[in-house]
Amino acid sequence: MPFIVNLADVSDSDLPLVGGKAGKLGELVRQGLPVPPGFIVTTETYQAFVDATPLKAEIPDALATLALERPESVDAVSRRIRDAFEATPFPPELESALRAAFDSYANEHDVRFSAVRSSATAEDLEGASFAGLQETYLNVTGADEILSAIRRCWGSLFTPRVLVYRARKGFDHRSVRLAVLIQKMVDSVVSGILFTRDPNTGENHMIVEAGWGLGEAIVGGEVTPDHYVLDGVTHRIIQKQISEQSVRLRRNDSGGNRRETVPESERRMQKLPDERIEQLASLAQLIESHYRRPMDIEWCADDDVVYIVQARPVTTIPPSKRTAAGNAHAAAPASPAPSAAASGGAGDAPILRGFGASPGIAGGVARLLAGPAEMDRLTQGQVLVTAMTTPDMVPAMTRAAAIVTDEGGMTCHAAIVSRELGVPCVVGTRSATRTIADGAEVTVDGKTGAVYLGLERARRSAPAPAAAGAFSIGSDVHHGSVPVTATKIYVNVGVPEKAAEYARLPVAGVGLLRIEFIFTAHVREHPLALIQQGRGKELVDRLAAGLSEVCQAFYPRPVIIRTSDFKTNEYRGMPGGQPFEPEEENPMIGWRGCSRYISPVYRPAFLLELEAIHRIRTEGGLKNAHVMLPFVRNTWELEQIEEMMREKGLKRSRDFQLYLMAEVPSTVLLAREFSKHCDGFSIGSNDLTQLVLGADRDSETLGRMGYFDERDPAVLRAVELLLEGAHAAGRTVGICGQGPSVYPEFAEFLVRRGIDSISLNADTVLTTIRTIASLEQRMKLEGIRRSAPP
């Protein structure tokens with residue numbers, strides 16, 4: 001494996017070699033986006049350095065003494081490892097290679113100043129951004145300083161804040177490795193961050209924040225940036241909030257950064273002109289389209305060009321995407337309110353307002369912290385009040401019931417980390433540390449950006465207990481109690497009316513939305529009867545309305561729409577269905593699924609289904625709608641269906657995916673051939689079991705006798721064959737049957753064989769997530785034991 005690679009030669013697929021940050025930037029270089037040039041010291045270099053020096057023994061010895069519950073232990077372990085990195089020289093051959101790479105890069109790109117940036121293998125991932133936790137060094141000059149910065153970056157894998165955060169997110173300290181990205185520094189006149197979707201509410205708005213000078217002052221919360229809100233579709237600027245900025249960070253001519261006073265004439269100016277905001281939005285749209293998910297983008301600009309310097313998935317979009325009344329960003333931070341906290345008088349009016357940075361309502365005793373040195377003063381369940389959090393304060397943030405800061409915007413450290421922790425947070429109040437008295441009881445509303453005196457609002461917001469035996473989605477879904485799994489978890493949605501509720505679940509999206517349920521709930525008449533009556537548009541309208549309700553609730557998470565799979569006995573019973581539906585002896589293996597779509601009789605109805613899907617994607621802007629075809633028997637029927645889809649404007653691309661239900665053994669046996677026509681498969685375990693075992697799934701007799709069982713060895717072998725064939729062709733495999741939630745051993749079989757995703761009924765999501773998380777942890781431990789020396 002290479003020790004040094006060019007940034008332009010890597011992509012997301014190289015994450016184990018170059019880390020999350022570098023992989024994503026390399027991907028953007030390949031897309032032609034403006035990214036400063038650079039090279040990467042790979043994770044193999046890190047490992048070679050560790051293996052060839054005393055660090056190989058020093059790191060595990062130090063970690064063996066780590067006690068996360070004791071801050072002094074975390075600090076001692078961190079200092080021991082970082083001191084060892086800084087004191088350990090490079091082996092001569094490695095140092096020569098690094099110097100040669102730096103000289104080549106500096107000469108080719110006329111580099112005087114560089115940024116030396118950490119790029120970890122556990123970084124910029126969905127569900128864990130590691131925002132600001134590993135070190136970055138700016139405006140570094142000369143090879144000697146570059147080499148020193150590389151070692152310090154490696155050591156930053158073990159700072160106290162990283163050790164705590166990594167443990168909370170479930171990463172093994174010994175398995176994470178670090179690449180280092182060296183890039184040409186941009187002499188930033190203005191810089192900032194952009195979210196392609198509101199990270200707090202999930203609304204289809206772009207959020208742009210901009211400040212003078214280097215972006216570190218914004219991320220670190222030293223300044224409150226300008227705040228611009230753009231319509232996510234038109235990119236029209238719909239809100240501006242211009243903040244006063246009195247200091248900025250700029251480059252020192254001799255290297256490093258300097259803090260300077262912003263001239264009086266520029267302090268209240270709009271930092272980024274409208275035309276540059278629109279240019280930046282266009283770049284962001286390209287990035288989001290490429291990754292097919294909301295993105296958190298760092299950018300900077302000199303006098304001529306806007307550059308992209310980081311892009312990572314937004315890790316904190318709340319599951320419900322409904323537009324919230326009273327958008328948290330509509331209200332500008334107010335002037336300091338009278339210090340009611342000191343007097344003890346409580347009322348309905350907030351004592352402070354700022355940016356609602358992480359949703360939720362929580363209250364407790366306020367604890368004012370001047371900085372990391374005072375972290376121990378904050379106990380579990382108190383409200384952290386500070387000028388601005390720093391990465392060193394993460395251990396305290398994990399204990400906080402809520403967080404309030406003087407400075408910062410939607411993209412500062414406090415905002416990003418609090419959203420990931422599920423802790424309500426209000427930033428940019430300007431005066432929290434002067435308005436709130438230490439020890440006062442306060443309530444924080446992280447959605448509206450308001451802070452209230454007293455705990456009455458927090459008590460009123462506490463959810464009432466659910467009725468005995470009722471299924472409800474509790475508030476713990478959003479507050480860290482649900483473990484993260486490598487296996488993606490989706491939810492099955494039956495009726496649109498449940499979508500908003502199910503969208504609160506911690507799932508990756510909808511793995512199965514059966515369109516026939518929308519027929520029965522919203523259309524209620526046989527589609528061919530409606531067409532015969534000249535009511536085809538009405539059919540499309542009703543289907544589109546039902547589909548939109550689900551896709552809007554989950555936006556931008558994917559919603560996989562399975563086109564209709566009525567059997568003749570089911571369709572025949574619909575109003576107007578009898579003339580169009582033959583009577584079949586065995587409808588389960590009769591005229592259903594794809595065979596309907598290509599038949600001259602049913603083709604017009606299927607085209608209207610496609611028209612409804614195309615409408616919500618184009619007119620509704622719901623690009624998260626994808627299609628899955630049921631009961632696929634042959635590749636030649638797929639070719640005809642693909643042509644029909646193209647006729648209706650639905651063509652496979654990066655933002656429109658086509659999946660196939662794997663229910664018929666032919667798709668299993670010829671998985672590589674079917675893979676040429678799709679982006680992935682979803683196992684329909686009921687039908688696959690039925691057809692592998694020749695056991696009618698509707699037969700009560702066979703069911704009682706034990707014939708119908710997803711755990712039968714023949715069914716398990718069929719699943720293995722599908723996984724092998726699909727993965728060999730680069731296609732994903734999921735499952736949307738009930739087997740994994742009913743039989744834990746079936747779930748274990750799937751996970752151990754590498755299933756990519758599991759889609760579940762809503763009432764089984766939380767318990768199954770915990771089952772799978774426990775299994776994955778067990779598998780990880782088994783792997784460690786196997787790899788350990790005897």
**Message:** Please go through region 51-81 and give me each residue that is in contact with an Asp or Glu (Cβ under 9 Å, 6 or more places away or on another chain) and either at pLDDT 90 or above or within 30 Å of Met185 (Cβ to Cβ) (or both), ordered by number.
**Reply:** Arg80, Ile81
**Request:** Give the residues of region 584-602 that are more than 23 Å from Gln533 (Cα to Cα) and free of Cβ contacts under 8 Å to residues at least 60 places away in the same chain, sorted by residue number.
**Result:** Glu584, Glu585, Pro587, Gly590, Trp591, Arg592, Cys594, Ser595
**Request:** Determine if region 423-439 includes at least one residue that is at pLDDT 85 or above, hydroxyl-bearing (Ser, Thr, Tyr), closer than 22 Å to Thr201 by Cβ and not in a loop (DSSP other than H, G, I, E, B).
**Result:** no
**Message:** What are the pairs with Cβ atoms under 7 angstrom where one residue, in region 9-20, is on the phi > 0 side of the Ramachandran plot and part of a helix (DSSP H, G or I) and the other, located anywhere, is at pLDDT 85 or above and open to solvent by less than 40 Å² (accessible area, probe 1.4 Å)? Sequence gap at least six, or different chains.
**Reply:** Gly19/Thr43; Gly19/Ser119; Gly19/Leu178; Gly19/Ala179
**Prompt:** Which numbered condition trips up Leu94, out of (1) over 27 Å from the mean Cα position of the chain (by Cα); (2) closer than 17 Å to Arg177 by Cα; (3) at pLDDT 90 or above?
**Reply:** (2)
**Prompt:** Among the residues of region 217-228, which ones are of a type outside the set (Val, Ile, Thr), open to solvent by less than 10 Å² (accessible area, probe 1.4 Å) and in contact (Cβ under 8 Å) with a residue 60 or more places away in the chain?
**Reply:** Gly221, Pro225, His227
**Complete:** Considering region 148-166, residues that are open to solvent by 10 Å² or more (accessible area, probe 1.4 Å) and at pLDDT 90 or above, and then whichever is nearest to Tyr105 (Cα to Cα), we arrive at Ser148
**Condition met for Ala373 (of a type outside the set (Val, Ile, Thr), more than 29 Å from the chain's Cα centre (by Cα) and either modelled with pLDDT under 60 or open to solvent by less than 40 Å² (accessible area, probe 1.4 Å) (or both))** = no
**Fill in**
Here the residues within region 284-298 that are over 15 Å from Glu209 (Cα atoms), assigned to a helix (DSSP H, G or I) and modelled with pLDDT of 85 or more are Gln285, Leu286, Ile287, Glu288
**Prompt:** When region 184-216 is examined, which residues are found to be surrounded by fewer than 24 Cβ atoms within 10 Å (Cβ to Cβ) and touching a Gly at 6+ places or on another chain (Cβ under 6 Å)?
**Reply:** Asn204, His205
**Request:** Confirm whether Ala328 is touching a Gly at 6+ places or on another chain (Cβ under 8 Å) and either of a type in the set (Lys, Arg) or at pLDDT below 50 (or both).
**Result:** yes
**Residue tally, condition loosely packed, with under 13 Cβ neighbours inside 10 Å and either within 16 Å of Leu157 (Cβ to Cβ) or of a type in the set (Ser, Thr, Tyr) (or both), over region 88-97** = 1
**Fill in**
When every residue in region 710-756 that is among the β-branched types (Val, Ile, Thr) and over 24 Å from the mean Cα position of the chain (by Cα) is compared, the one most open to solvent (accessible area, probe 1.4 Å) is Val742
**Complete:** Note on region 673-709: residues at pLDDT below 95, in a helix (DSSP H, G or I) and within 35 Å of the chain's Cα centre (by Cα) are Ser685, Asn686, Asp687, Leu688, Thr689
**Complete:** Within region 35-73, the residues that are of a type in the set (Val, Ile, Thr) and farther than 29 Å from Gly23 by Cβ are Thr65
**Prompt:** Within region 536-546, can one find any residue that is of a type in the set (Asp, Glu) and at pLDDT below 90?
**Reply:** no
**Prompt:** For region 173-197, which residues satisfy the criterion of being in a strand (DSSP E or B), modelled with pLDDT under 90 and not hydrophobic (A, V, I, L, M, F, W, C)?
**Reply:** none
**Message:** So for region 650-658 (the condition being open to solvent by less than 70 Å² (accessible area, probe 1.4 Å), in a loop (DSSP other than H, G, I, E, B) and not hydrophobic (A, V, I, L, M, F, W, C)), does at least one residue qualify?
**Reply:** yes
**Complete:** Quick count over region 376-399, residues being closer than 20 Å to Arg460 by Cα and either small (Gly, Ala, Ser) or open to solvent by 10 Å² or more (accessible area, probe 1.4 Å) (or both), is 2
**Complete:** Given (1) in contact (Cβ under 8 Å) with a residue 40 or more places away in the chain; (2) in contact with a strand residue (DSSP E or B) (Cβ under 6 Å, 6 or more places away or on another chain); (3) closer than 20 Å to Trp154 by Cβ; (4) not in a helix (DSSP H, G or I), Val35 misses just (3)
**Request:** Determine if region 116-131 includes at least one residue that is in a strand (DSSP E or B), on the phi > 0 side of the Ramachandran plot and modelled with pLDDT under 90.
**Result:** no
**Prompt:** Exactly one of (1) without any contact (Cβ under 8 Å) to a residue 60 or more places away in the chain; (2) surrounded by fewer than 21 Cβ atoms within 10 Å (Cβ to Cβ) is unmet by Val664. Its number?
**Reply:** (2)
**Prompt:** For the subset of region 229-243 comprising residues that are surrounded by 17 or more Cβ atoms within 10 Å (Cβ to Cβ) and over 14 Å from Leu194 (Cβ atoms), which member is farthest from the chain's Cα centre (by Cα)?
**Reply:** Ser243
**Complete:** Residue count, region 498-552, condition among the aromatic types (Phe, Trp, Tyr) and over 23 Å from Gly621 (Cβ atoms), comes to 2
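The values are calculated or read from the model by the stated rules, or taken from the named source; none is laboratory data. Remember, it's a predicted structure, so these values are computed and weren't measured experimentally. Note: ideal-geometry Cβ built from the backbone for every residue, glycine included; neighbour counts use all protein chains shown. Protein only, heavy atoms only, side chains kept; ligands, DNA and RNA dropped before computing areas. Shrake-Rupley method; radii C 1.70, N 1.55, O 1.52, S 1.80 Å.
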